[in-house]
1. Taking region 45-65, which residues are more than 18 Å from Pro84 (Cβ to Cβ) and over 13 Å from the mean Cα position of the chain (by Cα)?
2. If I go through region 48-102 residue by residue, how many of them are under 17 Å from Lys115 (Cβ atoms) and surrounded by 15 or more Cβ atoms within 10 Å (Cβ to Cβ)?
3. Output the residues belonging to region 103-132 that are open to solvent by 40 Å² or more (accessible area, probe 1.4 Å) and of a type in the set (A, V, I, L, M, F, W, C).
4. On the given criteria, is Ser136 surrounded by 19 or more Cβ atoms within 10 Å (Cβ to Cβ) and either over 28 Å from Glu156 (Cβ atoms) or out of contact with any helix residue (DSSP H, G or I) (no Cβ under 6 Å at 6 or more places or on another chain) (or both)?
5. Does Asn145 satisfy the criteria of being in contact with a Ser or Thr (Cβ under 8 Å, 6 or more places away or on another chain), at pLDDT 90 or above and of a type in the set (S, T, N, Q)?
6. Please work out if Ile109 is touching a helix residue (DSSP H, G or I) at 6+ places or on another chain (Cβ under 6 Å) and of a type in the set (Val, Ile, Thr).
7. Tell me which residues, restricted to region 1-20, are in a helix (DSSP H, G or I), at pLDDT 65 or above and more than 23 Å from Met66 (Cβ to Cβ).
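The values are calculated or read from the model by the stated rules, or taken from the named source; none is laboratory data. Here the structure is a predicted model, which is why all the values come from computation and not from measurement. Neighbour counts run over all protein chains shown; Cβ positions are idealised from the backbone, glycine included. We work out accessible area using only protein heavy atoms, side chains counted, and drop any ligands, DNA or RNA first. Shrake-Rupley method; radii C 1.70, N 1.55, O 1.52, S 1.80 Å.
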Amino acid sequence: MKDPSLLQATGSEPLTLQQEYHMQLSWSRDPNKETFIVLDKDLVVGDFSHGEPHLEAVVGDVNIFMNDLDNPHVAEVEIMIAEPKSRRKGLGKESVMMMMTFAIEKLGINIFRVKIGESNGASLDLFQKLGFVQTSYSSIFKEVNLELQITQPKKEEMLGLMGIVIEHT
């Protein structure tokens with residue numbers, strides 16, 4: 001990932017392909033992190049086949065981090081749709097909702113947090129539409145902190161979505 005605007009929006013550093021592979025390997029072994037790779041079905045060449053990487057359709061990822069030492073039921077969420085032509089198609093919203101539903105059902109998460117650069121209007125809009133509310137602002141990092149507490153009705157709504165998700169294991 002070398003796009004300067006994407007690096008700024010995600011708060012990332014430029015990495016070589018080898019560094020990306022190393023980071024992904026370390027994440028896959030960390031019990032406090034989960035990553036889903038986001039595919040754009042419009043970019044799949046040929047028929048979709050489970051188990052095939054479909055690298056041509058990889059457009060981003062969604063991550064959660066369970067790094068609150070005081071509360072194991074809290075997770076930070078991140079989303080990145082790196083491919084410009086795949087933005088504003090609902091992939092970010094769908095991916096975040098799938099990750100949050102997974103985290104509620106499988107990990108017992110009941111509070112989600114995000115940290116978003118103040119200039120990243122698309123992400124701020126996305127998370128506010130999902131019900132996140134601002135909890136603080138860091139003028140040093142120019143970052144907005146948002147949170148969503150999962151109430152019982154919200155949990156039932158989210159878990160109801162699992163019925164329409166196809167799981168591949």
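1. First, the residues of region 45-65 that are more than 18 Å from Pro84 (Cβ to Cβ): 45-54, 63-65.
Across region 45-65, the qualifying residues are Val45, Gly46, Asp47, Phe48, Ser49, His50, Gly51, Glu52, Pro53, His54.
2. 17
3. Of all residues in region 103-132, those open to solvent by 40 Å² or more (accessible area, probe 1.4 Å) come to 105-107, 110, 113, 115, 118-119, 122, 125, 128-129.
Once the filter is applied, which keeps residues that are open to solvent by 40 Å² or more (accessible area, probe 1.4 Å) and of a type in the set (A, V, I, L, M, F, W, C), region 103-132 yields Leu107, Ala122.
4. No: the conditions fail for Ser136.
5. Details: in contact with a Ser or Thr (Cβ under 8 Å, 6 or more places away or on another chain): yes; at pLDDT 90 or above: yes; of a type in the set (S, T, N, Q): yes.
So Asn145 fits the description; yes.
6. Values: touching a helix residue (DSSP H, G or I) at 6+ places or on another chain (Cβ under 6 Å): yes; of a type in the set (Val, Ile, Thr): yes.
In short, yes.
7. Taking region 1-20 as the starting set, the residues that turn out to be in a helix (DSSP H, G or I) are 4-10, 17-20.
Then drop every residue that is not at pLDDT 65 or above, which leaves 18-20.
Across region 1-20, the qualifying residues are Gln18, Gln19.
Residues are listed down the side, and each one gets a yes or a no for (1) modelled with pLDDT of 90 or more; (2) of a type in the set (D, E, K, R):
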residue	(1), (2)
Gln24	no, no
Phe48	no, no
His54	no, no
Ile64	yes, no
Met80	yes, no
Glu94	yes, yes
